[in-house]
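Visitor: Below: one structure in structure tokens.
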Amino acid sequence: MGEELLDPLIHTQARLRIMTTLTSLPRGDRLTFPRLQALVEASAGNLSTHLRRLEEAGYVEVVKGHQGRVPSTQVGVTDAGRRAFDDYLARLRALLTASATAGPDGATGTDDSQEN
Amino acid sequence: MDDERPLDPEAGAAIVEAQRARVEASTAVDPRVLFGAWGLAWLLGFGLLWAAALDEPLVPVDLGVALAVFFALLAAAGVVTAVHIATRSRGVRGMSARQGALYGWGWFLGFAVVGALAHALRRAGASEDVVSLVMMATSVLLVGALYMAGGALWDSISQWALGAVITVSTVVALVVGLPHAYLVMSLGGGGAMLVAAGVEALRRRRARGH
């Protein structure tokens with residue numbers, strides 16, 4: 001069953017929204033922090049926390065720059081992040097098909113043992 | 001949003017679908033808006049020019065007034081385009097945003113040449129008929145060529161086809177000559193854009209239906 005586990009870094013409401021948002025953009029594009037915040041409907045502090053975890057995993061990159069004189073933070077998904085997300089979707093789909101054909105088996109595939 | 005709670009797979013799939021739709025609806029440029037605005041401007045603008053330029057005008061409007069209305073409609077479509085793109089691309093940075101901005105400036109500079117050409121032709125003593133004809137042909141040439149270039153770059157057959165239809169309409173319009181050239185552009189240009197907007201609307205409804 002181990003290979004059916006869903007990536008716990010992605011499989012939470014907040015981070016799933018963040019990853020879906022960033023991977024929906026054309027490749028090579030980033031979002032400014034406020035725009036991302038509006039799209040995922042998170043508080044700034046909450047979003048920062050989740051972004052830090054995704055950044056540590058190498059799934060997103062947070063680029064701090066300047067727009068004129070105003071500091072501006074931009075967030076984009078990395079190639080590794082895109083791969084992880086595609087992987088996540090494939091497993092999610094496999095789980096849904098399995099539960100649709102075999103009936104409920106109670107496996108949600110969530111594993112928070114990586115908590116730190 | 002809370003957060004570390006485990007999701008079940010159904011909830012995960014629902015979040016992905018909803019969030020994708022939301023990002024698409026708020027950051028992607030909507031071709032229905034752009035084709036709709038320009039299609040309407042051309043259909044009405046060129047239509048009015050045609051109606052006013054006939055030997056026995058269909059509407060009691062001076063040709064100069066019709067021309068002013070035409071440019072006002074084009075300017076309105078330009079404003080709709082600029083506002084729409086600015087709203088959708090707010091906060092989006094990187095490759096596609098830069099690509100879109102460069103493409104947009106290409107349109108703007110191209111039309112600056114069209115405007116300057118009209119001015120230069122008048123100064124050189126060209127008749128109003130010649131000026132109208134050249135303005136119409138060059139601006140439509142630019143639109144058709146840029147649509148085809150955009151369609152090629154973004155791998156969009158429908159955008160390329162629209163550019164091709166507009167370009168062929170321009171050839172027909174030039175062969176036909178004034179005043180009926182205006183009618184050709186009204187239907188072949190504006191009509192084609194409205195059809196493109198309609199096709200896109202249909203495609204989206206069908207995609208949602210599944």
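The values are calculated or read from the model by the stated rules, or taken from the named source; none is laboratory data. Note that this is a predicted model, so its numbers are computed, not measured. We place every Cβ from the backbone using ideal geometry, glycine too, and count neighbours over all the protein chains shown.
Visitor: Taking the stated definitions as given, is A:VAL75 more than 10 Å from chain B (Cβ to nearest Cβ) and closer than 23 Å to B:THR87 by Cα?
Guide: Considered against the rule, which asks whether it is more than 10 Å from chain B (Cβ to nearest Cβ) and closer than 23 Å to B:THR87 by Cα, A:VAL75 comes out as no.
Visitor: Six or more apart or on different chains, Cβ atoms under 9 Å: show the pairs whose first residue is in segment A:53-77 and at positive phi and whose second is part of a helix (DSSP H, G or I).
Guide: Here the result reads A:GLY58/A:ALA80; A:GLY58/A:GLY81; A:GLY58/A:ALA84, each pair linking segment A:53-77 to a residue that is part of a helix (DSSP H, G or I).
Visitor: Separate question: Right, A:SER99: within 13 Å of another protein chain (Cβ to nearest Cβ), more than 19 Å from the chain's Cα centre (by Cα), surrounded by 15 or more Cβ atoms within 10 Å (Cβ to Cβ) and at pLDDT 85 or above or not?
Guide: So A:SER99 does not fit the description; no.
Rundown of residues vs (1) touching a residue at least 12 places away in the same chain (Cβ under 8 Å); (2) among the aliphatic types (A, V, I, L, M); (3) surrounded by fewer than 18 Cβ atoms within 10 Å (Cβ to Cβ); (4) within 28 Å of B:ASP129 (Cα to Cα), yes/no style:
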residue	(1), (2), (3), (4)
B:ALA11	no, yes, yes, no
B:LEU34	yes, yes, no, no
B:GLY64	no, no, yes, yes
B:PHE70	yes, no, no, yes
B:LEU73	yes, yes, no, yes
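Visitor: Could you figure out which of (1) part of a helix (DSSP H, G or I); (2) among the charged types (D, E, K, R); (3) away from every other protein chain (no Cβ under 14 Å) isn't true of B:ARG22?
Guide: Tallying (1) part of a helix (DSSP H, G or I); (2) among the charged types (D, E, K, R); (3) away from every other protein chain (no Cβ under 14 Å), B:ARG22 fails exactly one: (3).
Visitor: Can you name the condition, by its number, that B:VAL80 falls short on among (1) of a type outside the set (Phe, Trp, Tyr); (2) in a loop (DSSP other than H, G, I, E, B); (3) over 26 Å from B:ALA173 (Cα atoms); (4) touching a Phe, Trp or Tyr at 6+ places or on another chain (Cβ under 9 Å)?
Guide: Unmet condition: (2).
Visitor: From the list B:THR27, B:THR87, which residue is within 14 Å of chain A (Cβ to nearest Cβ), surrounded by 20 or more Cβ atoms within 10 Å (Cβ to Cβ) and β-branched (Val, Ile, Thr)?
Guide: Just one listed residue meets the conditions, B:THR27.
Visitor: Residue by residue through segment A:64-96, note down the ones that are surrounded by 14 or more Cβ atoms within 10 Å (Cβ to Cβ) and of a type in the set (A, V, I, L, M).
Guide: Matches in segment A:64-96: A:VAL75, A:VAL77, A:ALA84, A:LEU89, A:LEU92, A:ALA94, A:LEU95, A:LEU96.
Visitor: Just to be sure before I move on: is B:ALA207 modelled with pLDDT under 95, buried (at least 18 other Cβ atoms within 10 Å of the Cβ), assigned to a helix (DSSP H, G or I) and aliphatic (A, V, I, L, M) in the structure I sent?
Guide: No: the conditions fail for B:ALA207.
Visitor: So which of B:GLY110, B:GLY144, B:GLY100 is within 14 Å of another protein chain (Cβ to nearest Cβ), surrounded by 15 or more Cβ atoms within 10 Å (Cβ to Cβ), within 26 Å of B:ALA196 (Cβ to Cβ) and in contact (Cβ under 8 Å) with a residue 12 or more places away in the chain?
Guide: Exactly one residue qualifies, and that residue is B:GLY100.
Visitor: Continuing with this model, one more query. Quickly run through segment A:21-51 and pick out the residues that are part of a helix (DSSP H, G or I) and either in contact (Cβ under 8 Å) with a residue 60 or more places away in the chain or among the hydrophobic types (A, V, I, L, M, F, W, C) (or both).
Guide: A:LEU22, A:THR23, A:PHE33, A:LEU36, A:ALA38, A:LEU39, A:VAL40, A:ALA44, A:LEU47, A:LEU51
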